[in-house]
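S.K.: Following this message is one structure expressed as structure tokens.
What follows draws every value from the coordinates through simple rules; no lab data is involved. Since we're looking at a predicted model, the values are computed, not measured. Cβ atoms come from the backbone with ideal geometry, glycine included; neighbour counts cover every protein chain shown.
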There are 4 protein chains.
Amino acid sequence: MTVHSAAATPRPRRRPISQPAPSERGDKRERIIEAAIKVFAERGFYHARVSEVAAEAGVAGGTIYNYFRNKDDLLISLFEDRMEAILADFRAELAGLDSAADRLRRFVELHLAMVARDPQLAEVLTVELRQSSKFMREYKARKFGEYLGLLEGLVVEGVERGEFRADIDPRILKRALFGAIDEVSLFWVGARRARNPQPYALEDAAEQIWRLYAGGLIRPQESTP
Amino acid sequence: MTVHSAAATPRPRRRPISQPAPSERGDKRERIIEAAIKVFAERGFYHARVSEVAAEAGVAGGTIYNYFRNKDDLLISLFEDRMEAILADFRAELAGLDSAADRLRRFVELHLAMVARDPQLAEVLTVELRQSSKFMREYKARKFGEYLGLLEGLVVEGVERGEFRADIDPRILKRALFGAIDEVSLFWVGARRARNPQPYALEDAAEQIWRLYAGGLIRPQESTP
Amino acid sequence: MTVHSAAATPRPRRRPISQPAPSERGDKRERIIEAAIKVFAERGFYHARVSEVAAEAGVAGGTIYNYFRNKDDLLISLFEDRMEAILADFRAELAGLDSAADRLRRFVELHLAMVARDPQLAEVLTVELRQSSKFMREYKARKFGEYLGLLEGLVVEGVERGEFRADIDPRILKRALFGAIDEVSLFWVGARRARNPQPYALEDAAEQIWRLYAGGLIRPQESTP
Amino acid sequence: MTVHSAAATPRPRRRPISQPAPSERGDKRERIIEAAIKVFAERGFYHARVSEVAAEAGVAGGTIYNYFRNKDDLLISLFEDRMEAILADFRAELAGLDSAADRLRRFVELHLAMVARDPQLAEVLTVELRQSSKFMREYKARKFGEYLGLLEGLVVEGVERGEFRADIDPRILKRALFGAIDEVSLFWVGARRARNPQPYALEDAAEQIWRLYAGGLIRPQESTP
DNA sequence: CATGAATGAGCATTCATTCAT
DNA sequence: AATGAATGAATGCTCATTCAT
């Protein structure tokens, strides 16, 4: 998978030509976003100071404002930037699969793999994001809606192809499944941060969630003769 | 159901001497908690000012500090207070049911009914709660763990009684189910606040979620002859 | 004259009853205004820091914001407060005089006496006031217009009573006279601040200005016998 | 009159690029000063950003610092530059006149004509100039003193030649007259910026001011037999 | 000379919390 | 217990100025 490397794809920006300054990987905008993910994840959006992000990125405080309108905008930009990469990655990964069931299972795996790979990003994307009032109340949707839309598409397709039951509203299903994945991720991430032992492996969790959603809880009373 | 009235169980306390103001049921602490739920839900924990809570509760700003150590403590106390009531209510409701399946379905219904009845409380409990650093990082667990424990108990019981499949880890299941309910609730609450049309009825959502978790997504290929 | 004492008339505000705290003369709002006049005059509105005003007033920085919306509002409030007092004082002083000429001469004297008495106030009123964009562009008028209106009234009256020439537009005259007085004041104040020797006594300046405006520059060539 | 064209006297200098871009007359320094006058007049010295001046001048922000030490220096340089031109123009215009009275009247006319011709310059010269602390407190004088000196010279000359009354101190007179002209100008300029209707024509104002200063306010009670 | 990205000192303002009454 | 004026630490953001290219 290439989620992260995709996310890191630098929007090409004038790189110093003569002296490459090899210490600075990626352009400044990218470095600030990376720093913001780290700091927001560690301290929480509201407790993070812009100056901390700057220090983490190795730039001066004012430099942040050359790239982002304000602290809120930094969070939103970070979100869009990363979600875009994640979406592209997911789409590419899912394109090669044949059945709706395979694609849905893969979606779950991809999400949890992403969380395992970049827990801080996961934390910011799911927890901290809810704290920027502007974001939550005026913006929210877009890319996140796209993400859920992807999920909904998989479900609808499954129903249309007769793979999935038709008596479950896809709009509710997509939220239920997303909520399930998200909560399982969040707890794992929280335990990790609290330096508690891993409560479960995320790969196993993916398997479990899929099993649950695919087959349901109720034990089939097979062949009651 | 009596969640709310239970929550409002007044720790008896006296009215400001002269005129008992019989209209105002509940003591000052309760009034402050009610105000906090309203203000936190409307403005978000970080954007809510203590003085707003005080104004909403009809007390002076300083009075809050006679009942709560600080703003964080107000949020946590609010949480404990309400969760206690909710838990008691849930336990009472579930006690009369026979099968694990019935109890689990009822749990889903109860949660969503609670959301429908007091959306602001639901919002605070699920969204704003994540924003108090002290809470999230040092406290969190307790009552919330109890709530999830209740859920886990239902599942374990179901497995033990042979009602549920044994190949799904209850610790993951409880999170998955809670996440599903929570997300479905959250979206509904969000739409409500944004004054968007209700995306779905919460009663229907409960039915759908249960159907999903009970039977799974995959359409049984019965008897392909 | 009582300009200053009038200006200091405290808008009655709850004074601590039991322990009079004799060190604090005047209420807090008044103390802040006095401090602001001093600091704005000495450092200029833009270079003055709110914390300096607070320190000068002997209050904490935040206290200023219990009385004034922001720095601009402090300047504007200061202006209104003092202008009101000055206007009341001027009106009272002029009421007792019979001819328009006497009143106009007295007006000049009063203005310059006010400058002599409270140079810092004069400086703020004439120089610093122009620096608050909101003030200059949206507010300005009112009390200042009243002041000029007082002047215009005197002139119009003089014309109507046949004391003054009718061929000079009162609206231009009032500006010309005000500008003359203001500039003469300003230079005197500036010299004072720069610790230069007084270029002239303000009482003499009043006499000179009146002589100039009353009789004009041109030496009457009548009756060269 | 040639005030403005004199001020604009281009110090010929070439345009950056390869092709001289013959359309842009005036060198960069001049263009920056013109931009500064416009921006300072419109936004006020303190609210004007150096980058705005740069944008208006069509140069990069840093370029300004190749021509001026800092923002204050830009204001001061602007002032000196324009005042020099104005003074030269005034001197030339006054040279041809015979009587002190004619010269003084002409001075008033010239000042107001200058205001009418370049209101933004007038605004900067009279309002914004007072806002640069360094200017006001350490520099001020020089060219402005020269301007007032010119005025004083006219008065002294008038007295010496017996045209003007000898009982008015020229140092006060020069300030009074300048203040009168300045205030009349300022109000006109202010109305213009506020897009209010012109309160009076500046030509008429010149006539009025001169009439006032020449003959005085008091109506001569000639020959009441 | 020109550029404009980077810098970082500077400051108004907010608001949780205290405490004298 | 209740009050609410006073406090002052905390911080996002601006913008004049610098300097490597």
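S.K.: Tell me, for the rotation carrying C onto A, which chain C residue has the beta-carbon closest to the axis and what that distance is in whole Å.
M.R.: Axis relating chain C to chain A; nearest Cβ residue and distance: C:ASN70, 10.
S.K.: Evaluate the distance, in nm, between pseudo-label points positioned 7 Å from the Cα of C:GLU80 and of C:ALA92 along their respective Cα→Cβ axes.
M.R.: Computed distance between label sites C:GLU80 and C:ALA92 equals 2.2 nm.
S.K.: On average, how many beta carbons from a partner chain sit within 10 Å of the beta carbon of a residue in D:186-196? Numbers along the way, then the final one.
M.R.: Values: counts 3, 7, 2, 0, 3, 0, 0, 2, 4, 0, 0.
That average works out to 2.
S.K.: Here is a follow-up. Using the structure shown, select from C:LYS174/D:LYS143; A:LYS28/B:LYS38; C:LYS71/D:LYS71; B:LYS28/B:LYS174; A:LYS71/C:LYS143 the pairs with a Cα to Cα distance greater than 31 angstrom. Kindly include the intermediate steps, with their values, before the conclusion.
M.R.: On the way: C:LYS174/D:LYS143 28 Å; A:LYS28/B:LYS38 42 Å; C:LYS71/D:LYS71 23 Å; B:LYS28/B:LYS174 36 Å; A:LYS71/C:LYS143 42 Å.
Too far apart for the 31 Å limit: A:LYS28/B:LYS38; B:LYS28/B:LYS174; A:LYS71/C:LYS143.
S.K.: Nm distances between the label at B:ARG69 and the same-position labels in the remaining copies, 7 Å along Cα→Cβ, shortest first?
M.R.: Label-point distances to the other copies, shortest first: 3.9, 4.0, 5.8 nm.
S.K.: I would also like to ask the following. Would you please classify the overall shape of region C:72-215 from the alpha carbon gyration tensor, given that a ≥ b ≥ c denote the square roots of the eigenvalues, rounded means a/c under 1.5, and beyond that prolate means a/b larger than b/c while oblate covers the rest?
M.R.: On the way: a/c = 1.85, a/b = 1.28, b/c = 1.44.
Because a/c hits 1.5 or more and a/b fails to exceed b/c, region C:72-215 counts as oblate.
S.K.: Assume the label is 7 Å from Cα along Cα to beta carbon: what separations in nm does B:GLY149 have to the matching positions in the other copies?
M.R.: Ordered by increasing distance: 4.4, 7.5, 9.2 nm.
S.K.: Considering just Cα atoms, how many Å³ per residue does the convex hull of region A:42-89 enclose?
M.R.: Spelled out: Cα convex hull of region A:42-89, divided by residues, is 89 Å³.
S.K.: Every other copy gets compared here: list the nm distances from the B:ARG43 label point (7 Å along Cα to Cβ) to its counterparts, shortest first, one decimal.
M.R.: 2.4, 3.1, 3.3
S.K.: Most exposed first by the Cβ proxy, i.e. fewest other Cβ within 10 Å, how do D:TRP188, D:TRP210 rank? Working shown, then result.
M.R.: Values: D:TRP188 23, D:TRP210 19.
Lowest count first: D:TRP210, D:TRP188.
S.K.: So for region B:151-215, Kirkwood radius off the Cα pairs, Stokes-Einstein at 25 °C and 0.890 mPa s: how many µm² s⁻¹?
M.R.: Numbers: Rh = 13.1 Å.
Value of D from the Cα-based Kirkwood radius: 187 µm²/s.
S.K.: At what distance in angstrom do the alpha carbon centres of region D:176-213 and region B:69-84 lie from each other?
M.R.: When both Cα centres are located, 67 Å separates them.
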